[in-house]
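A.B. asks: Got a structure for you, written out below as structure tokens; questions coming shortly.
Any read-out appearing in this document is the output of simple, stated calculations on the displayed coordinates, not a laboratory observation. Since this is a predicted model, take the numbers as computed values, not measurements. Quick reminder, even Gly has a Cβ in these numbers, built from the backbone with ideal geometry, and neighbours come from all protein chains shown.
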Amino acid sequence: MVANQQSQRVAVIPGDGIGVEVAEVGVNVLRAISERFGFKLDFDWLPLGASHYLETGETLTDEMFDYLKNECDAIYFGAMGDPRVPDMKHAKDILLGLRFKLDLFVNLRPITLMHPEMTPLKRRGMKDLEFVIFRENTEGLYVGMGGNFKKGTPDEIAINEMVNTRRGVERIIRAAFEWAKSHHKPRVCMSDKANVLSYAHGLWQRVFKEVSSEYPEIQTRHLYADVMAMEMVRAPQDFDVIVTSNMFGDILSDLGAELVGGLGLAASANLHPGRVSLFEPVHGSAPDIAGQGVANPLAMVLTGSLMLTALGHKEAALFLDQCVQQVLTQGEVTADLRRSLGQSTEGALNTQAVGEALIQIIKS
């Protein structure tokens, strides 16, 4: 990481659709936070996205990658996806390209209930829903290995291969234990499907057992992925840290997001300790509502909080989370969240107004 005491450089990639709108709010809020807490963030807006790709044919050039890797402290990412690029080539090259080229092997997804009305679970409060998911981010079924034979015929065969390396499995499991240790969380649960994927997830089971022996103070547990999904709904209070593979992490973290208010509040961090990392809200580019001013920016703001923590501004990050809780409590949110809170949408704010409400709280 290239951080220094005077300033830190944040590359902003707003991307497509509502990504542009929520990124603007996110940056404005981060500027207000940095002013309040006395540190400096330099934001460099980059034009990477569908429009740039359609105009130039460029996605992520070698020069741009080198700049992001060597001269930036963090990447603040909006959303990718545009109907003008149906094969999503630009998104694959830029977003997935950065994840793999920067070796961002940790996808960290906090599952935190920020308002009691936001969960669909009965008799569950804010203390019951507070855990994190460590999703392996560079292996599994998402590496794109496979192919088609006799494509387009009645005899077509389609294969996707799952890749699990000892190094990849060990480092994500170890990262989960280290996070639990440093955050004083007493429990780590690993989830897989070793009962079916006996070779790939047999490796996960063996490595989990070996690594966990180095952390005797931490309670360990194992659940198959289908059971994990049920237990997250039945007894979410039983979890502190969950670590799992790429595909199951994708599914379980979205389930977790819905338990605490939906993708509109879902933040994520793509991390490699000691290197520049990428921070993005989980929601998509929502081209159907882009430009209407109705996009909910809070997932982007909460993603900014994760970025602040990674940049060493933990106190500011905690304060920003409290500000988000306050706008939720006051109902100063977009229509989607007003509905989730059981409130009339007549009092809903637009995208920019939510950011202004947060900035007023920050400056007060």
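A.B. asks: Taking every DSSP beta bridge that has both residues in the range 1-149, what percent is antiparallel when rounded to the nearest 5?
C.D. replies: Once the DSSP bridges in the range 1-149 are tallied, antiparallel ones form about 40 percent.
A.B. asks: Between Glu55 and Arg166, with labels modelled 7 Å along Cα→Cβ, what's the label distance in nm to one decimal, could you check?
C.D. replies: Output for this residue pair reads 5.0 nm.
A.B. asks: Which far-off residues, 5 or more places away or on another chain, put their amide H under 5 Å from the one on Asn296, with H placed in the peptide plane?
C.D. replies: none
A.B. asks: On to the next question. From the square roots a ≥ b ≥ c of the eigenvalues of the alpha-carbon gyration tensor of the range 189-326, which class results: rounded (a/c under 1.5), prolate (a/b over b/c), or oblate?
C.D. replies: In terms of gyration-tensor shape, prolate.
A.B. asks: Counting other C-beta atoms within 10 Å, which of Trp179, Trp45 has the fewest, and how do the rest follow?
C.D. replies: Ordered by Cβ neighbours within 10 Å, fewest first: Trp45, Trp179.
A.B. asks: Next question, about the same structure. Beyond 24 Å between alpha-carbons counts as too far, so tell me which of Lys101/Lys181; Lys92/Lys193; Lys40/Lys314 fall in that bin.
C.D. replies: Violating the 24 Å limit, Cα to Cα: Lys101/Lys181; Lys92/Lys193.
A.B. asks: In debye, nearest 20: dipole of the range 141-274 around its Cα centre with unit charges on the Cβ of K, R (+) and D, E (-)?
C.D. replies: Dipole of the range 141-274, to the nearest 20 debye: 320 debye.
A.B. asks: Let me ask you something else. D for the range 40-146, whole µm²/s, Stokes-Einstein with Kirkwood Rh over alpha-carbon pairs at 10 °C and 1.306 mPa s: what number?
C.D. replies: 94
A.B. asks: So, one more: Tabulate in residue order the Karplus-calculated ³J(HN,Hα) for the range 302-308, using 6.51 cos²θ - 1.76 cosθ + 1.60 with θ = phi - 60°, rounded to whole Hz; enter x for Gly and Pro.
C.D. replies: Each residue of the range 302-308 in turn: 5, 5, x, 5, 4, 5, 4 Hz.
A.B. asks: Can you list, largest first and rounded to whole Å, the semi-axes you get for the range 247-364 by taking the square root of 5 times each eigenvalue of its Cα gyration tensor?
C.D. replies: Rounded to whole Å, the semi-axes are 24, 19, 13.
A.B. asks: Run through the DSSP bridge list for the chain and note the antiparallel percent, rounded to the nearest 5.
C.D. replies: In the chain, approximately 40 percent of DSSP beta bridges are antiparallel ones.
A.B. asks: Based on other C-beta atoms within 10 Å, arrange His184, His90 from fewest to most.
C.D. replies: Fewest-to-most Cβ neighbours within 10 Å comes out as His184, His90.
A.B. asks: Place +1 on the Cβ of every Lys and Arg and -1 on the Cβ of every Asp and Glu in the range 49-188, take the dipole about the Cα centre, and give the residue among Thr138, Val169, Thr112 whose Cα lies farthest towards its positive end.
C.D. replies: Most positive-ward Cα: Thr112.
A.B. asks: Let me have the relative contact order for the range 110-264, percent, based on Cα pairs under 8 Å that are six or more residues apart.
C.D. replies: Over the range 110-264, the number comes to 35 percent.
A.B. asks: Using only Cα atoms, locate the centre of the range 78-115 and the centre of the range 224-279, then give the distance between them in Å, rounded to an integer.
C.D. replies: The range 78-115 and the range 224-279 have Cα centres spaced 15 Å from each other.
A.B. asks: Based on alpha-carbon positions alone, could you give the equivalent ellipsoid semi-axes of the chain from the gyration tensor, as √(5λ), descending, whole Å?
C.D. replies: They are 30, 26, 22 Å, listed from largest to smallest.
A.B. asks: Something else now. Along the charge dipole of the chain, pointing to its positive end and built from +1/-1 on Cβ of Lys, Arg, Asp and Glu, which listed residue (Gly291, Met64, Ser212) has its Cα farthest out?
C.D. replies: Ser212
A.B. asks: Considering Cα pairs under 8 angstrom that are at least six residues apart, work out the relative contact order of the chain and quote it in whole percent.
C.D. replies: 23
A.B. asks: Quick one: putting +1 on the C-beta of Lys and Arg, -1 on the C-beta of Asp and Glu, what dipole do you get for the range 113-205 around its Cα centre, in Debye to the nearest 20?
C.D. replies: My answer is approximately 400 debye.
A.B. asks: Rounded to the nearest 20 debye, what is the charge dipole size of the chain about its Cα centre when +1 sits on each Lys and Arg Cβ and -1 on each Asp and Glu Cβ?
C.D. replies: I would put it at about 1020 debye.
A.B. asks: May I pose another question? Take every DSSP beta bridge whose two residues both sit in the range 115-241, then give the antiparallel share in percent to the nearest 5.
C.D. replies: 40
A.B. asks: Could you give each residue of the range 12-28 its phi-based ³J(HN,Hα) in whole Hz, using Karplus coefficients 6.51, -1.76, 1.60 with θ = phi - 60°, and x for Gly or Pro?
C.D. replies: Couplings: 9, 10, x, x, 10, x, 6, x, 5, 5, 6, 5, 4, 5, x, 5, 4 Hz.
A.B. asks: Hey, what D do you get for the range 62-121 in µm²/s if you plug the Kirkwood alpha-carbon radius into Stokes-Einstein at 4 °C and 1.567 mPa s?
C.D. replies: Once the numbers are plugged in, D ends up at 90 µm²/s.
A.B. asks: Specify the longest stretch of the chain that does not include any exposed loop site, a site being one of the trypsin sites (Lys or Arg not before Pro) with a non-H, G, I, E, B DSSP assignment and at most 14 other Cβ atoms within 10 Å.
C.D. replies: Here the longest segment lacking exposed loop sites spans 152-274.
A.B. asks: Would you please give the residues with an amide H less than 5 Å from that of Leu349, counting only those at least 5 places away or on a separate chain, with H modeled from the backbone geometry?
C.D. replies: Close amide H contacts, sequence-distant or interchain: Val333, Thr334, Ala335.
A.B. asks: While we're on this one: Just from its helices, what would the mean residue ellipticity at 222 nm be for the chain, if runs of 4 or more DSSP H residues each count -39500 (n - 2.57) and the sum is divided by every residue, rounded to the nearest 500 deg cm²/dmol?
C.D. replies: Helices in the chain give a 222 nm mean residue ellipticity of -12500 deg cm²/dmol.
A.B. asks: Got a sec to turn the phi values of the range 116-124 into Karplus ³J(HN,Hα) couplings, 6.51 cos²θ - 1.76 cosθ + 1.60 with θ = phi - 60°, whole Hz, x for Gly and Pro?
C.D. replies: For the range 116-124, the Karplus-derived couplings read x, 7, 8, 9, x, 7, 6, 6, 10 Hz, x marking Gly and Pro.
A.B. asks: Report Rg (one decimal) and Dmax (nearest whole number) for the range 110-264, counting Cα atoms only, units Å.
C.D. replies: Using the Cα atoms of the range 110-264, the pair Rg, Dmax is 17.2, 56 Å.
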